[in-house]
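Chemist: I have a structure here, written as structure tokens, and I will follow up with some questions on it.
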Amino acid sequence: MPYWLMKSEPDVLSAATLQRLHQARWDGVRNYQARNFLRSMQADELFFFYHSSCSRPGIAGIGRIVRTAYPDPSALDPRSPYFDARASTVKNPWSAVDVEFVEAFAGIIDLACLRSAPGLAKLPLLQKGSRLSVMPVEAGEWAAVLALR
DNA sequence: GCCAACGTTGGC
DNA sequence: GCCAACGTTGGC
């Protein structure tokens, strides 16, 4: 079963907030490669919840996919920061998935920790210039991150 | 189809 | 706030 890593700015949605909400829509992805990964997700697949653009970027916990990709409503909402004037109900290029909370780590596994860990050298997150917000994680990488908790 | 200009991401 | 790196746009 594939594993994933998804980035979120904690100001928008943090792992702790997902824990409180139990479930949330993962929307606003506006990059085609990331969207294609969203579309390939299956129910019950797990992902690392990564906090980006914050004081301590890193992996904060684990979530699970509960609903596979469907047209992202935020693209159609003029009040949304993710609004896309080119999208319509008939033709919406963007996708969202629904996720649920699984686990919050006792502490953030920050970038320095990830970079120094064995077995994570190929993780797209750690590649120079990588900006993908949704990416696959190999089973070995998944285990390597879990070992850092 | 090329590519310069621009906007965005995201760590620091 | 800075800036490197990337994706997208749009003229040609």
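Chemist: Of the residues that make up the stretch A:25-38, is at least one farther than 30 Å from A:LEU148 by Cβ, of a type in the set (Ser, Thr, Tyr) and surrounded by 18 or more Cβ atoms within 10 Å (Cβ to Cβ)?
Modeler: So far as the stretch A:25-38 goes, no, none of its residues is farther than 30 Å from A:LEU148 by Cβ, of a type in the set (Ser, Thr, Tyr) and surrounded by 18 or more Cβ atoms within 10 Å (Cβ to Cβ).
Chemist: Can you tell me which residue within the stretch A:108-143, out of those that are of a type in the set (Gly, Ala, Ser) and under 18 Å from the mean Cα position of the chain (by Cα), is surrounded by the fewest Cβ atoms within 10 Å (Cβ to Cβ)?
Modeler: Selected residue: A:GLY129.
Chemist: Being of a type in the set (S, T, N, Q) and under 14 Å from A:TRP4 (Cβ atoms) narrows it down to one of A:GLN42, A:GLN23, so name that one.
Modeler: A:GLN42
Chemist: Residues that are within 16 Å of DNA strand B (Cβ to nearest atom), at least 2 per element: which helices (runs of 4 or more DSSP H) completely within the stretch A:13-119 meet that?
Modeler: A:32-39, A:111-116
Chemist: A follow-up question, please. Give me the pairs: first residue in the stretch A:125-137 and assigned to a loop (DSSP other than H, G, I, E, B), second residue near DNA strand C (Cβ under 7 Å from one of its atoms), beta-carbon distance under 8 Å, and six or more apart or on different chains, which are they?
Modeler: Note: pairs meeting the criteria are A:ARG131/A:ASN31; A:LEU132/A:ASN31; A:LEU132/A:GLN33; A:SER133/A:ASN31.
Chemist: Every residue in the stretch A:76-95 that is free of Cβ contacts under 8 Å to residues at least 40 places away in the same chain, surrounded by 14 or more Cβ atoms within 10 Å (Cβ to Cβ) and within 17 Å of A:ASN36 (Cα to Cα), please.
Modeler: A:ALA87, A:ASN92
Chemist: Do we have any residue at all in the stretch A:18-32 that's within 17 Å of A:ALA75 (Cβ to Cβ), in contact (Cβ under 8 Å) with a residue 12 or more places away in the chain, within 16 Å of DNA strand C (Cβ to nearest atom) and under 10 Å from the mean Cα position of the chain (by Cα)?
Modeler: Yes; the residues of the stretch A:18-32 include at least one that is within 17 Å of A:ALA75 (Cβ to Cβ), in contact (Cβ under 8 Å) with a residue 12 or more places away in the chain, within 16 Å of DNA strand C (Cβ to nearest atom) and under 10 Å from the mean Cα position of the chain (by Cα).
Chemist: Name the pairs whose Cβ atoms lie under 7 Å apart, with the first residue in the stretch A:111-123 and within 17 Å of A:ALA139 (Cβ to Cβ), the second within 16 Å of DNA strand C (Cβ to nearest atom) and not in a loop (DSSP other than H, G, I, E, B), and 6 or more positions between them or separate chains?
Modeler: Going by the 7 Å Cβ cut-off, the qualifying pairs are A:LEU114/A:LEU126; A:LEU120/A:LEU126.
Chemist: Give me the residue from the stretch A:96-106 that is under 19 Å from A:GLU9 (Cβ atoms) and of a type in the set (Gly, Ala, Ser) and, out of that set, surrounded by the most Cβ atoms within 10 Å (Cβ to Cβ).
Modeler: Looking at residues that are under 19 Å from A:GLU9 (Cβ atoms) and of a type in the set (Gly, Ala, Ser), I get A:ALA96.
Chemist: Within the stretch A:122-149, which residues are away from DNA strand C (no atom under 16 Å from the Cβ) and small (Gly, Ala, Ser)?
Modeler: Within the stretch A:122-149, A:ALA139, A:GLY140, A:ALA143, A:ALA144, A:ALA147 qualify.
Chemist: Which residues, counting only those in the stretch A:78-121, are more than 24 Å from A:ILE62 (Cα to Cα), within 16 Å of DNA strand C (Cβ to nearest atom) and among the small types (Gly, Ala, Ser)?
Modeler: Scanning the stretch A:78-121 gives A:ALA85, A:ALA87, A:SER88.
Values in this text are rule-based calculations from the coordinates and carry no lab data. These numbers come from a predicted model, not from an experiment. Backbone-built Cβ (ideal geometry, glycine too); neighbour counts: all protein chains shown.
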